Amino acid sequence: GSVREAAILQVKLVCAACRQRGTLGVYANGTVYQPEFYLNASQPMEDGELPLLDLVWMGLYRREEGLCGSLTACGLGKEEIEVLDTQAAPGDLHSFLLDLASYVLEEDVTFHDGETIGFTEGQYLPISRSAGVWHDGMTLKISYPEEP
């Protein structure tokens, strides 16, 4: 099936496990989530949307050059994405990462080195593939949009 179908099935199965007596947590991407958090984060499915917070792990961290973000789609066959050295506010970078996650998972997109992505007309954000900064191995780097 599609990535979307696989993602929804995965969340439904984990939600079923969360409702079992004695469930202490959900382990995903090196993090343990409370069952209540996971169940609450699944609520967008009721409106036909993907429960992004159940499907992706996002991390924000600072380097000398600026704020960085990383995005991992839990077990859905997508490469890790990094956004490096922005001057963005943490909330803005978090929203940008959620927009990327939504696009990648909803549309089942696979990015390639040298491509661009844009969320508005005339916006071209370069995509490159190179050794990860936060993640081991190769990751995709996507530029954060500059201020208008």
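The values are calculated or read from the model by the stated rules, or taken from the named source; none is laboratory data. If you're wondering where the values come from, they're calculated on a predicted model, not measured in any experiment. In this analysis, Cβ positions are derived from the backbone assuming ideal geometry, glycine residues included, and neighbour counts consider all displayed protein chains. For accessibility, only protein heavy atoms count, side chains too; no ligands or nucleic acids. Shrake-Rupley method; radii C 1.70, N 1.55, O 1.52, S 1.80 Å.
Going residue by residue through the range 66-78, is there one that turns out to be in contact with a Phe, Trp or Tyr (Cβ under 7 Å, 6 or more places away or on another chain) and surrounded by fewer than 19 Cβ atoms within 10 Å (Cβ to Cβ)? Break it down stepwise before answering.
Filtering the range 66-78 for residues in contact with a Phe, Trp or Tyr (Cβ under 7 Å, 6 or more places away or on another chain) gives 68, 70, 72, 74.
Keeping just the survivors that are surrounded by fewer than 19 Cβ atoms within 10 Å (Cβ to Cβ) gives 74.
Yes, there is a match, as at least one residue in the range 66-78 is in contact with a Phe, Trp or Tyr (Cβ under 7 Å, 6 or more places away or on another chain) and surrounded by fewer than 19 Cβ atoms within 10 Å (Cβ to Cβ).
If the Cβ limit is 7 Å and pairs must be 6+ apart or interchain, which residue in the range 41-62 that is closer than 28 Å to Q87 by Cα and open to solvent by 40 Å² or more (accessible area, probe 1.4 Å) pairs with which residue that is among the small types (G, A, S) and not in a strand (DSSP E or B)?
Within 7 Å, the pairs are L53/A41.
Condition first: touching a strand residue (DSSP E or B) at 6+ places or on another chain (Cβ under 7 Å), at pLDDT 95 or above and outside any loop (DSSP other than H, G, I, E, B). Can you find one or more residues in the range 119-126 that meet it?
yes
Residues of the range 96-116 being buried (at least 17 other Cβ atoms within 10 Å of the Cβ) and free of Cβ contacts under 8 Å to residues at least 60 places away in the same chain, which ones? If you could, list the steps in order and put the result at the bottom.
Within the range 96-116, the subset buried (at least 17 other Cβ atoms within 10 Å of the Cβ) is 96-97, 100-101, 104-105, 111.
Correct list: F96, L97, L100, A101, V104, F111.
Of the numbered conditions (1) crowded, with 18+ Cβ neighbours inside 10 Å; (2) among the acidic types (D, E); (3) more than 23 Å from A28 (Cβ to Cβ), E82 fails exactly one; give the number of that condition.
(3)
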